[in-house]
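The values are calculated or read from the model by the stated rules, or taken from the named source; none is laboratory data. Computed from a prediction, not measured in an experiment: that's the story for all the values here. We place every Cβ from the backbone using ideal geometry, glycine too, and count neighbours over all the protein chains shown.
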Amino acid sequence: MTDIGPILAVASTADVLDSANNLLTSHRKLLTYVRNSQRAHRRQLRALATAPNDLANFPLIDSPAPSPVHSPLSSPQLAPRTRPQRQDLHPAKRARVARYANYVPEEETIRNDYSQRYVDSGEWPQNRVLGAEPSRRFEEYPKQQRLLGLKKESVDAHATPPFFLPFSHLSSLHHQKFDVILLDPPFSSSFGWDDLQALPVPSLAADPSFVFMWVGSGAGEGLERGREVLAKWGYRRCEDVVWVKTNNTTNRGPGTDPPTTSLLTRTKQHCLMGIRGTVRRSTDSWFVHCNVDTDVIIWEGDTADPMRKPPEMYTLIENFCLGTRRLELFGRARSSLRRGWVTVLTASDGAKVGEHTRTTEGDVVHPWNKDSWEEATRHLASLAGGKCVVPNSQEIDTLRPKSPMRSGNSGVSGGVGVAISGGVGVGVGSAGVGMNAGNMNSDPNMSIQHARRPPSQNPMMVSPMMGMGMPMDMGMGIGNMMGLGMGVGGPGMGIGMGNTRMGMGGMGGMGMHGQWGQGYDGFQ
């Protein structure tokens, strides 16, 4: 029903102003009549032989002073604001600065202030979002548009007939399982969060399954209580779909939005999405297709039914979850009946569906019949390999967005190194310093060896181990081939890195003997 309150208010104001104008006109006519009578009586008095001068000279009724030709303004006139001249800008940019008030030369753009526009006109900023209509959203993305077309054809071809039942017969769905449950709770003084939580949603939900529940604008306790109810039903919140309203057709000017107790004007509604069971987007593509739609819906709303939610929500659910068993609680006879869904109507709408009622797509609506619904479900399952899901085609699987692949195990077992034979060694012994010439015949001076990881070591360890120790003596020698070697003997400290482990332990030595290298076996 259209809100006629503002219309009545405008009409009453016009009547008051019209009545005041009529009263002022009558008063002016009365004063004019009295003045003319006074003048006539004074002329008659002066015509007498003994004229009563006191009465003849008695002043007439005062006339109002004439209005001045130039009335003062109700508010002082502000001097025009001049923008400073930017001589540092290019001539083309200076021309844009002079022409466009909102032009920002540093950003090469015209910045629109939609918040100020809302204050001045009452128009919500989201009215200016381009491509909000589903029909125009993917005009520049042909692959995505093709994907949505294929999804719609597939969903329509593998859907049960539309069934409905009144809310009072909800118990007749006992023992039935649904892959998706959509709720728009009709909160009122007689139906609250405790009543919602008492609904038999857990017994109606399959495993895995999803719940989509509208919880309000976020101004009250809807978001918090909604999460609590989902948890009581055995669901965990995984997404939050937001409906952003527009007011292209309902805007009545600045300051006409309904009053609210929140700090900001509420122009959105939240729908919490809960998941039950385990669903992996990378491996369970037979049941879910992620990233086909976004979590934001922009829609004007329905003036005939202000409580109606966006019809795009059905498409979002059908594109995401491939399960064919869909249930809506607290649906509306005018807009909720849909092919592929079982709709439980609100108490007020239960009697509004007739025998030949059709959906908005033209499908005949059927009263709930357990045997008919189960037969239709079994037929759809036989087309999908025994599962109650919409079959996935090769083209859809190619076009749909995929989850990024995680990197697997990779590594280098050998290593990158530089080989040095012979060598130059520097040694510091306990008794002094010495040098010798010739091939070095000492212990391996510097080496990297692959050591077996002890089972008792903590996580984060690498199998190529590295040790360092100080020997009792070091030597430096020059052989036939130039090289570098550091003698390392005795106990020392080793730092190693293994598959996903790291630890420290005593090693015999670290050095470079035949070649130097480092490698990794890979990560678990």
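Determine the pairs where a residue that is assigned by TED's automatic domain parsing to the domain that holds GLU300 and farther than 16 Å from PRO202 by Cα, located within the range 269-280, has a partner that is modelled with pLDDT of 95 or more and basic (Lys, Arg) with Cβ atoms under 7 Å apart, the partner being 6 or more residues away or on another chain.
LEU272/ARG227; LEU272/ARG237
Would you confirm whether or not the range 268-277 contains a residue that is of a type in the set (S, T, N, Q), modelled with pLDDT of 95 or more and at negative phi?
There is at least one residue in the range 268-277 that is of a type in the set (S, T, N, Q), modelled with pLDDT of 95 or more and at negative phi.
Which one of the conditions (1) within 24 Å of the chain's Cα centre (by Cα); (2) assigned to a strand (DSSP E or B) does LEU165 fail to meet, given that it meets all the rest?
So LEU165 meets the others, but not (1).
Within the range 318-328, is even one residue closer than 18 Å to PRO166 by Cβ, acidic (Asp, Glu) and at pLDDT 90 or above?
Yes; the residues of the range 318-328 include at least one that is closer than 18 Å to PRO166 by Cβ, acidic (Asp, Glu) and at pLDDT 90 or above.
Restricting to the range 109-138, count the residues that are touching a residue at least 12 places away in the same chain (Cβ under 8 Å) and among the acidic types (Asp, Glu).
Matching residues across the range 109-138 total 2.
Yes/no per residue for (1) in a strand (DSSP E or B); (2) under 19 Å from ARG276 (Cβ atoms); (3) more than 27 Å from the chain's Cα centre (by Cα):
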site	(1), (2), (3)
HIS169	no, no, yes
HIS175	no, yes, yes
LEU182	yes, yes, no
PRO186	no, no, no
LEU196	no, yes, no
LEU199	no, yes, yes
SER209	yes, yes, no
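Please verify whether the range 132-153 includes one or more residues that are surrounded by 15 or more Cβ atoms within 10 Å (Cβ to Cβ) and charged (D, E, K, R).
Looking for residues that are surrounded by 15 or more Cβ atoms within 10 Å (Cβ to Cβ) and charged (D, E, K, R), one finds at least one in the range 132-153, hence yes.
Name the single residue that is surrounded by the fewest Cβ atoms within 10 Å (Cβ to Cβ) among those in the range 381-402 being in a helix (DSSP H, G or I) and in contact with a Lys or Arg (Cβ under 9 Å, 6 or more places away or on another chain).
So the residue we want is GLU395.
Taking LEU345 as the residue in question, decide whether it is in contact with a Gly (Cβ under 7 Å, 6 or more places away or on another chain) and farther than 16 Å from GLU239 by Cβ.
Judged against the criteria, LEU345 is a match.
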